[in-house]
Structure formats: structure tokens, C-alpha cells
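Notes follow the structure.
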Amino acid sequence: MQINRIMVVGAGQMGGGIAQVAAQAGLQVVLNDLKQEYVDRGLTFMTKLLERNIAKGKLSGEEKDRILGRITPSISLEDAAEVDFVIEAVTENMSVKEKIFKSLDQIAPKAAILASNTSSLPITEIAATTERPEKVIGMHFMNPVPVMVLVEVIRGIATSDETFKTVHDLALRMDKHPVEVNDFPGFISNRVLMPMINEAIYCVYEGVATPKAIDEVMRMGMNHPMGPLTLADFIGLDTCLAIMEVLYQGFSDSKYRPCPLLRKMVKAGWLGKKTGKGFFEYH
Ligand code: NAD
């Protein structure tokens, strides 16, 4: 199936990045969020990234204009009526995602594929809210989307081979490296990554060391390009907590228990880079 026009639902850090790489790949993109100001915020951020690439000599001004010209802002899901493919990248919350998939199933053309960029939620369950479960799939980009090459392509129990192939090929077209994964809590990336981040947070909670020291050990001792607490701040502590909850409930195993400090920081609104404060401060 040839994909030409897509909708990205959610213009936050992931949705904005997905819209950018899709437009760079020559696709027409409808970028949707709840309010115009949220879509504008995503577009402003994207423009800054593209301008940085111009300054580095990686992109011309005309290319930037062509990329941005392929993106149409939207604040109504009804705009999905004319797309071949939708990727949802809204808050990591099952009931919010289910509502969106139910609506998209009514609005998008019958042949359209509906994908989720969820970090951890079950694709099979999201698919079951629609009447086209064979056309529902996980397409999990990494953050920041324009930089990271991996995309986990997650098959729900009913996902068809044709849907899988279309999304696999779409990832290649976006210059990404797709990896096939089956539908289990946290897939591969977050099942391995999040318990490490959670353990680093326990180290802060128990007073083992400062956040700076913990990150230093992992960067300089394990050759990680970024410490786990800085990474948690970049991902968003609300998203980290949501993923830990999915692992904890999905496997019913106490080894995935979210650290109480993580819960407390999320309750305080200390969500990391996006709010200016997490384990570190951002100005
Ligand atoms: P974010 O908070 O930056 O953005 C979410 C956006 O969704 C916001 O702009 C919000 O206004 C919008 N939104 C919420 N409800 C909506 C609705 N009903 N309709 C339209 N828009 C709506 O979050 P994010 O970090 O971009 O994460 C989005 C998704 O991507 C989550 O499922 C997350 O788990 C996943 N993800 C995140 C990362 C990461 O590192 N942050 C990495 C991979 C995947």
C-alpha cells in the first residue's frame, strides 16, 4: 500500500518530530493537537531545529520551506478523513488513546492504517477498540525523532502482514531502521531501559549518591552517551512513570514497582526538561 498523506495526532515532542521526518521524506502531513497553540508550539520547535540544520550547512532555506510547506495544522480529528495513515502520539494514557482510536476508526478511510507511537501500552488492546484491528499497529519512534534511527514496529495479535510491511517500508522511507517486535508490555526498548532508569531513581531515593554522580558512573563507567537520570528528564518523568506502571501491572511483578520518588516528582509537576525541572534544572 502506498502512503502519501498522513496525520500525526499530538504535536508534542514526539509528534512534532514524527511530522518533521515524515515531511522530510516527502509525505504530506496533517499535524493535529487539541488547541492551535499546541500545534504552533510544535511547528515553532520544528522550525528552530530546521534552522539549526541550515546553520550547520546540512539544509538549504528552500528545503526548509518545502518541508514546512508539506505540514498542515489541524485541531480537528475530522481532518483524518483524507489520509492513508494516522500515527497517534498523545499522552501515554490508555483511555485517552482508546477514545482517539475509536474516533479515528469512524473518520479515517476504511483502507487507512492506524498506528500508535505508544512507549508501552498494548497494541492488541488499542486495536480492539476499532473495527479494523488488522490495520492497527505500533510504530514506536525514539526521542529525539529527527536524530534517533530506531523504530520498533509492534504487531498486535490481529495485525496483518500487509499492514506490517507497509509500516516497515514507511519507516525505511523516513530513513529509519525498523525492528519487528511482538506485543508485550514495554516492547523491547522500554522493558530493558525503564527498569534501569527506575533503579537509578531508587539510588537517589535511598541516598546512594547524587543524580550527578549516578549519571557520571553510567556515562564514564558504562559508556552510555547520557546518564539515566538526564535521559529520564529528556523522556519526561510522567512518561517514565506511565511506562513503569504498564510494566508493573502488565507483568504483575514487583521488580517493576515504580520508585516512590518518581511518583512524588510527577505529582509535584517536576516532569524534566519540558517543565524546566526534573533531576536537573533546564533554563
Ligand atoms: P508530550 O506531552 O510532549 O506531547 C503529547 C501531546 O499530545 C501534547 O501536545 C498534547 O496536547 C497532545 N494531546 C493530548 N491529548 C490529545 C488529544 N485527545 N488529541 C490531540 N492531541 C492530544 O508527550 P510525548 O513525549 O510527545 O509522548 C507522546 C507519546 O509518545 C506517548 O505515548 C509516549 O509514551 C510516546 N513516546 C515518548 C517518548 C519520549 O521520549 N518522550 C519516546 C517514544 C515514545
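The values are calculated or read from the model by the stated rules, or taken from the named source; none is laboratory data. None of the values given here were measured: they were computed from a predicted structure. Here the Cβ is made from the backbone with ideal geometry for all residues, glycine too, and neighbour counts use every protein chain on show.
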For segment 123-136: of the residues being farther than 20 Å from MET244 by Cβ and part of a helix (DSSP H, G or I), which is farthest from the ligand (Cβ to nearest atom)? GLU134
Restricting attention to segment 142-152, which residues are surrounded by fewer than 24 Cβ atoms within 10 Å (Cβ to Cβ) and touching a strand residue (DSSP E or B) at 6+ places or on another chain (Cβ under 6 Å)? MET142, VAL149, LEU150, GLU152
Of LYS110, LYS102, the only residue that is farther than 30 Å from LEU50 by Cβ, surrounded by fewer than 18 Cβ atoms within 10 Å (Cβ to Cβ) and within 12 Å of the ligand (Cβ to nearest atom) is LYS102
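Could you list all residues from segment 143-172 that are in contact with a helix residue (DSSP H, G or I) (Cβ under 7 Å, 6 or more places away or on another chain) and within 16 Å of the ligand (Cβ to nearest atom)?
Passing the criteria: ASN143, PRO144, VAL145, PRO146, VAL151, GLU152, VAL153, ILE154, GLY156.
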Quick check on my filter: what residues within segment 263-283 are within 20 Å of the chain's Cα centre (by Cα), surrounded by 17 or more Cβ atoms within 10 Å (Cβ to Cβ) and at negative phi? VAL266, TRP270, LEU271, LYS273, LYS274, GLY278
Do we have THR91 as within 16 Å of the ligand (Cβ to nearest atom), closer than 18 Å to MET142 by Cα and surrounded by fewer than 18 Cβ atoms within 10 Å (Cβ to Cβ) here? yes
Please work out which one of (1) under 19 Å from the mean Cα position of the chain (by Cα); (2) surrounded by fewer than 18 Cβ atoms within 10 Å (Cβ to Cβ) is the condition SER60 fails and give its number. (1)
Among the helices (runs of 4 or more DSSP H) contained in segment 1-115, which hold 2 or more residues that are touching a residue at least 60 places away in the same chain (Cβ under 8 Å)? 13-24, 94-107
Note on SER120: of the conditions (1) over 20 Å from the mean Cα position of the chain (by Cα); (2) part of a loop (DSSP other than H, G, I, E, B), unmet is (1)
Quick one: would you say VAL96 is within 11 Å of the ligand (Cβ to nearest atom), among the hydrophobic types (A, V, I, L, M, F, W, C) and within 21 Å of the chain's Cα centre (by Cα)? yes
If you take the residues in segment 76-87 that are of a type outside the set (Gly, Ala, Ser) and more than 8 Å from the ligand (Cβ to nearest atom), which one is nearest to ILE18 (Cα to Cα)? ILE87
Pick from segment 198-248, criterion touching a strand residue (DSSP E or B) at 6+ places or on another chain (Cβ under 9 Å) and aliphatic (A, V, I, L, M), ranking: farthest from ARG263 (Cα to Cα): ILE235
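Residue-wise test of (1) more than 20 Å from the chain's Cα centre (by Cα); (2) away from the ligand (no atom under 12 Å from the Cβ); (3) farther than 19 Å from THR118 by Cα; (4) modelled with pLDDT of 95 or more.
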position: VAL9; (1), (2), (3), (4): no, no, no, yes
position: GLY15; (1), (2), (3), (4): no, no, no, yes
position: LEU27; (1), (2), (3), (4): no, yes, yes, yes
position: LEU31; (1), (2), (3), (4): no, no, no, yes
position: GLY42; (1), (2), (3), (4): no, no, no, yes
position: LYS64; (1), (2), (3), (4): yes, yes, yes, yes
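Return the total of residues in segment 31-63 being in contact with a Gly (Cβ under 7 Å, 6 or more places away or on another chain), among the acidic types (Asp, Glu) and farther than 30 Å from THR91 by Cβ.
Going through segment 31-63 one residue at a time, the tally reaches 0.
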